[in-house]
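The structure appears below as structure tokens.
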Amino acid sequence: PINDLKELVDLARISSSAKNMQPLKYIIVNNHPYKDKVFKSISWASYLSNWSGPKEDVRPSAFIIVVSDKNIDGFDMISI
């Protein structure tokens with residue numbers, strides 16, 4: 001459910017970060033056609049040459065995209 005995803009993102013969002021700047025931002029994608037666009041951009045088990053990926057009915061129902069806000073002066077990928 002979307003409320004579960006929002007709760008998980010909110011917990012990640014308020015987690016400690018370097019200088020407490022919270023430079024990471026989160027985007028929940030759970031609607032068509034955006035969900036399909038995200039899925040097409042990932043390499044799903046690309047090392048398997050004879051498999052084209054999961055069928056549509058077993059694909060992820062949502063994605064959480066994590067991005068770094070470069071306008072915030074902080075340590076985005078490493079928290080000490």
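Odds and ends about this structure:
- Taking the listed residues LEU5, LEU11, the one that is hydrophobic (A, V, I, L, M, F, W, C), surrounded by 12 or more Cβ atoms within 10 Å (Cβ to Cβ) and either assigned to a helix (DSSP H, G or I) or in contact with a Lys or Arg (Cβ under 6 Å, 6 or more places away or on another chain) (or both) is LEU5, with no other qualifying.
- Some residue of segment 45-54 being open to solvent by less than 50 Å² (accessible area, probe 1.4 Å), assigned to a helix (DSSP H, G or I) and either at negative phi or in contact with a strand residue (DSSP E or B) (Cβ under 9 Å, 6 or more places away or on another chain) (or both): no
- Every residue from segment 7-22 that is charged (D, E, K, R) and closer than 16 Å to VAL67 by Cα: ASP10, ARG13
- Candidate set from segment 23-36 (those that are part of a loop (DSSP other than H, G, I, E, B) and in contact with a Ser or Thr (Cβ under 8 Å, 6 or more places away or on another chain)); member that is farthest from VAL66 (Cα to Cα): ASN30
- The conditions of being open to solvent by less than 50 Å² (accessible area, probe 1.4 Å) and either modelled with pLDDT of 90 or more or among the basic types (Lys, Arg) (or both) are met by ALA62.
- Residue in segment 66-78 that is without any contact (Cβ under 8 Å) to a residue 60 or more places away in the chain and touching a Phe, Trp or Tyr at 6+ places or on another chain (Cβ under 9 Å) present: yes
- Verdict on ILE78 being open to solvent by less than 100 Å² (accessible area, probe 1.4 Å), β-branched (Val, Ile, Thr) and modelled with pLDDT under 90: no
- Cβ-Cβ under 6 Å pairs, at least 6 apart or on other chains, segment 27-54 side touching a residue at least 24 places away in the same chain (Cβ under 8 Å) and of a type in the set (Lys, Arg), far side open to solvent by less than 70 Å² (accessible area, probe 1.4 Å) and not in a loop (DSSP other than H, G, I, E, B): LYS35/VAL29
- Checked against (1) at pLDDT 85 or above; (2) more than 14 Å from the chain's Cα centre (by Cα); (3) not β-branched (Val, Ile, Thr), ASN50 meets all criteria but (1).
- Of residues in segment 14-37 being at pLDDT 90 or above and among the β-branched types (Val, Ile, Thr), the one least open to solvent (accessible area, probe 1.4 Å): VAL29
The values are calculated or read from the model by the stated rules, or taken from the named source; none is laboratory data. Owing to the predicted nature of the structure, the values given are computational and were not obtained by experimental measurement. So basically every Cβ, Gly included, is an ideal-geometry build from the backbone, and we count neighbours across all protein chains shown. Remember, those area values only see protein heavy atoms, side chains included, never the ligands or the DNA or RNA. Shrake-Rupley method; radii C 1.70, N 1.55, O 1.52, S 1.80 Å.
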